[in-house]
Amino acid sequence: MQSVFAARNAFPDLYAESLGASRLRVLYRSALPAVKREAVYSSLTAMSRGMSEFGSIAILAYYVTQYPFSGVSNASVLIFQYYSFYGPQGAITASAVMIVFSLLLLFIARLFARNREASRGSVQ
């Protein structure tokens, strides 16, 4: 997201501030709506990278220790535990659930992108 904000034209934000809008109002009314699509895609990219980084998670950050997630394992470590305890069938089931959940999130993001494109086309 940092590169998106860096490449974005700051003129509308500066113009709104010069008219008396607060920085918080400019953020929520101008900057964030302009980069909504990029924010969705960056969060999906971060989610997919997080799911694939098993080695570093399993070795460095095995358990989350802060409240409210104390003692909870993330998905990749949990799938590895299921493989260790229940064999391949347990790991396949957990992996399938994670894949279905990921595809559902991607489908929902695609629907929102389509609806936004359709509403933008009908207004113009």
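The values are calculated or read from the model by the stated rules, or taken from the named source; none is laboratory data. Bear in mind the structure is a predicted one, so any value in this text is a computation, not a measurement. Note that we place each Cβ from the backbone using ideal geometry, even for glycine, and neighbour counts take in every protein chain shown.
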Please determine, by comparing only the residues of the stretch 35-64 that are at pLDDT below 70 and small (Gly, Ala, Ser), which one is surrounded by the most Cβ atoms within 10 Å (Cβ to Cβ).
58
Look through 120, 110, 116 and report the one residue that is among the charged types (D, E, K, R) and at pLDDT 85 or above.
110
